[in-house]
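Each remark here refers to the structure printed beneath this line.
What follows draws every value from the coordinates through simple rules; no lab data is involved. The model shown is predicted, which means the values in this text are computed figures rather than measured ones. Here Cβ is always computed from backbone atoms with ideal geometry, including for glycine, and neighbour counts include all displayed protein chains.
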Amino acid sequence: MRSVTAIVAHCKVGAALLFCALSGQAATEAPIDPMALYQAHCAACHDGKVPRAPHMITFSTIGSAAVLTAMNEGVMRSQASALSATEREVLAGFLAGEAMAPPKPIMACTQPMAPLARDDESAMQGWGGDARNRRHAAASSTGLTRDNVEQLALKWVFAYPSALRARSQPLVHDGVVFVGSQSGDIYALDLATGCAHWTYSAGAEVRSSLSLGHISGQPNPVLYMGDFSATVHAVDALDGSLVWRTAVGDHPDATITGSPKLHDGTLYVPMSSSEWATAADPGYACCTFQGGVVAVDAVSGELRWRNHVIDEPAVETSEKNPFGALRKGPAGAPVWNSPTIDADRGVLYVGTGEGYTSPAANTSDAVLAFSLETGERQWAKQLLGGDAWNMACFIGEAANCPEEDGPDLDIGASTILWSDGDRDYLLVGQKSGDVYALDPDKNGAVLWRNKVGRGGFLGGVHWGMSADDASLFVPIADTTVTGRFTGVVSPGIHALDPTSGERQWYTPSTADCEGKAPIPVCDQGMSAAITSTDGLVFAGSLDGNLNVYDSVSGEVIWSFDTFGEFESVSGDMALGGSIESDGPVLYQGHVLINSGYQFGSRMPGNALMVFSLPPVGSLAKGQNNE
């Protein structure tokens with residue numbers, strides 16, 4: 001979750017980027033300053049002074065197209081009538097945090113994609129790499145070892161068009177990279193060259209990783225993904241054609257942030273929402289989102305089951321907020337991590353976020369177990385009670401802020417199901433900086449707990465840990481987005497014994513922020529998910545650095561700064577920034593990482609970077625695009 005000051009900072013960054021992009025116009029045309037447009041035409045209402053007007057912080061969640069439509073033909077048509085068409089486009093892009101300058105066409109492949117292998121043993125399967133979300137791949141499939149990792153070199157860079165954040169974790173299968181984007185486009189990129197075999201438009205931002213599977217009667221592998229409008233798509237991986245599309249949201253603000261998990265013919269979809277931002281509007285009747293998981297048939301797209309974080313839907317109360325809007329409740333909590341599959345016990349596990357209303361539900365900041373077959377909740381283990389928060393807590397009037405006012409310490413990272421051969425452990429990381437091992441056979445009873453970070457809005461543990469056979473690797477951010485969290489910080493990588501929680505080693509991260517601060521915000525926190533292979537741990541940080549650690553000693557043995565401009569395969573410039581959200585992908589001597597995360601005042605960017613071992617291109621199928 002983000003503070004107003006952080007988003008205002010991000011808007012200043014967006015203004016600067018758009019101003020620079022537009023300054024290349026003909027000398028006879030004055031460049032357009034989007035911040036000046038906002039102050040002149042929008043601020044009086046959208047800085048929180050008019051109860052029914054949505055606060056400016058909400059625009060970054062809906063996209064420039066929706067904002068532009070409202071100004072051209074919607075509810076803001078009258079207010080925007082004094083603006084030219086160009087000014088409206090600039091303002092829409094600024095409010096949504098998106099680059100509006102037209103990108104160069106992406107480089108298309110000159111040869112058709114070769115038939116895809118049905119299976120690829122080298123590929124990481126979706127977000128967590130496997131059903132148990134260990135985010136670990138054997139060296140036999142990654143081709144990366146302690147002896148050769150220092151030879152990694154940048155192979156090519158892809159610039160996501162019309163984007164200032166890159167957060168959809170790539171999926172590599174049989175030498176093709178499948179990845180989503182802020183614009184809602186899905187790309188099939190050749191791993192050898194970066195050219196695009198095809199593009200599919202989902203219609204809304206794709207934040208999650210894609211999954212790949214097979215449908216009876218369908219000759220080609222099928223890609224599955226969820227978008228920001230809470231729609232699930234199934235697409236033919238060979239040509240990008242639509243197989244089916246299903247809307248799974250049951251709330252106006254429902255969205256999909258966590259990656260759906262494909263298992264045994266069913267796609268399990270975590271349900272989150274943007275109601276935390278909608279609640280910033282003092283006139284909004286807050287809040288009603290229940291959160292939960294949806295199971296969708298992988299063949300047909302039909303809904304198999306749905307279950308919520310909170311059982312009873314919200315109802316209207318007799319209480320009103322200071323602006324006269326009736327309060328609603330109780331609300332549940334979002335699920336924005338990829339489910340963990342426990343096939344032996346027939347259940348899946350998810351972590352939940354904070355509650356949106358007071359009192360917070362007893363299933364907020366909790367780990368929940370649902371039946372794979374029916375969706376029935378098997379058990380719930382709350383790890384932090386009384387955590388209710390929404391964006392209204394940062395608005396001057398705070399009309400919809402729950403009395404608890406946070407502290408907003410979700411379980412955002414996917415749980416990891418880990419075994420030592422004798423028993424199973426469910427490993428959990430929380431934004432509070434706490435790491436737990438739960439007993440899956442005793443309704444989530446706590447086996448051990450270790451607080452390794454101070455915690456904060458970006459973690460503590462934010463997006464994802466990794467585990468090999470001997471260690472649990474824990475990235476800690478401990479960033480200072482607001483002054484609420486105080487105390488000793490420990491950003492970097494912590495290695496813990498999965499059976500006891502005892503620390504094996506800790507390597508602090510060091511800020512590399514010269515020329516990158518103070519706007520946008522730059523620090524060394526490790527908020528993004530991390531990935532390991534035998535002997536190595538790969539981790540990116542908010543200052544844009546990608547590091548490789550020795551998994552036994554914690555020594556940093558390779559590093560690359562992704563911040564700045566890089567020439568893309570299409571000939572334009574890709575912008576690297578903060579590494580946030582998704583983690584590194586390892587595949588046959590390659591490392592893939594997204595760089596750039598404009599939301600929350602972090603350093604914006606639109607770069608997909610691919611590194612490889614020499615000889616370049618020898619490990620993946622490619623083609624001549626000369």
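Amide H contacts of Glu580: Gly596, each under 5 Å away and 5 or more positions distant or on a separate chain (H built 1.01 Å from N in the peptide plane; Pro and chain starts excluded). The label-point distance for Leu242 and Asp422, in a model that sets each label 7 Å from Cα toward Cβ, rounds to 5.5 nm. Suppose R0 equals 45 Å. What FRET efficiency, 1/(1 + (r/R0)^6) with r the Cβ-Cβ distance, do Lys451 and Glu373 give to the nearest 0.05? Step by step, r from the Cβ atoms, then E = 0.80. For a modelled paramagnetic label at Ser216, 7 Å from Cα along Cα-to-Cβ, the residues of segment 283-320 in reach, with backbone nitrogen under 16 Å, are 297-302.
How much mean residue ellipticity at 222 nm does the chain get from its helices, if each DSSP H run of length 4 or more adds -39500 (n - 2.57) and you divide by all residues, to the nearest 500 deg cm²/dmol?
One gets -2500 deg cm²/dmol as the mean residue ellipticity at 222 nm.
Here's how it looks for Lys451: its modeled amide H is under 5 Å from those of Val435, which are all 5 or more places away or on a different chain. Annotation: the residues Lys320, Lys451, sorted from fewest to most other C-beta atoms within 10 Å of their own C-beta, follow the order Lys320, Lys451. Among the trypsin sites (Lys or Arg not before Pro) in segment 79-161, those located in a DSSP loop and surrounded by at most 12 other Cβ atoms within 10 Å of their own Cβ are Arg118. The candidate values are (i) 93, 51, 44; (ii) 81, 71, 46; (iii) 61, 60, 53; the one derived from this structure for Cα extents along the principal axes in Å carries the label (iii). Taken about its Cα centre, the chain carries a charge dipole of about 840 debye when Lys and Arg each add +1 at the Cβ and Asp and Glu each add -1 at the Cβ. Restricting attention to the chain, close to 95% of DSSP beta bridges with both partner residues there are antiparallel. With each label modelled as a point 7 angstrom along the Cα→C-beta vector, the Phe323-Asp264 pair spans 4.8 nm. The residues neighbouring Val294, those whose beta-carbon lies less than 10 Å from its own, together hold a net charge of +1 under the Lys/Arg +1, Asp/Glu -1 convention. Computed from the C-beta positions of Lys104 and Thr199, the FRET efficiency with R₀ = 22 Å rounds to 0.95.
Taking a virtual spin label 7 Å from the Cα of Ala66 along the C-beta vector, which residues in segment 249-277 bring their backbone nitrogen under 12 Å of it? Counting backbone N atoms under 12 Å from the label point, the list is 252-256, 273-277. Loop-resident chymotrypsin sites (Phe, Trp or Tyr not before Pro) (DSSP state other than H, G, I, E or B) in segment 78-180 with no more than 14 further Cβ atoms inside 10 Å of their Cβ are absent. Sorted ascending by nearby beta carbons within 10 Å, beginning with the fewest, His233, His136 become His233, His136. When Leu348, Leu303 are arranged by Cβ crowding within 10 Å, least crowded first, meaning fewest neighbours, the order is Leu303, Leu348. Rounded to whole numbers, the Karplus 3J(HN,Hα) couplings from phi for segment 318-326 are 7, 7, 10, 7, x, 9, x, 7, 5 Hz, using 6.51 cos²θ - 1.76 cosθ + 1.60 with θ = phi - 60°, and x at Gly and Pro.
Under 5 Å between amide hydrogens, built in the peptide plane, is the criterion, and for Gly492 it picks out Ile476, Ser509, Met526 among residues at least 5 positions away or on other chains. From the cross-link list Lys104/Lys261; Lys261/Lys320; Lys104/Lys155; Lys155/Lys431, which pairs have alpha carbons spaced over 31 Å apart? Lys104/Lys261; Lys261/Lys320; Lys155/Lys431, as the Cα separations exceed 31 Å there. Give me the one-decimal nm value for the distance between modelled label points at Asp250 and Glu565, 7 Å along each residue's Cα-to-Cβ direction. The two pseudo-label positions are separated by 5.0 nm.
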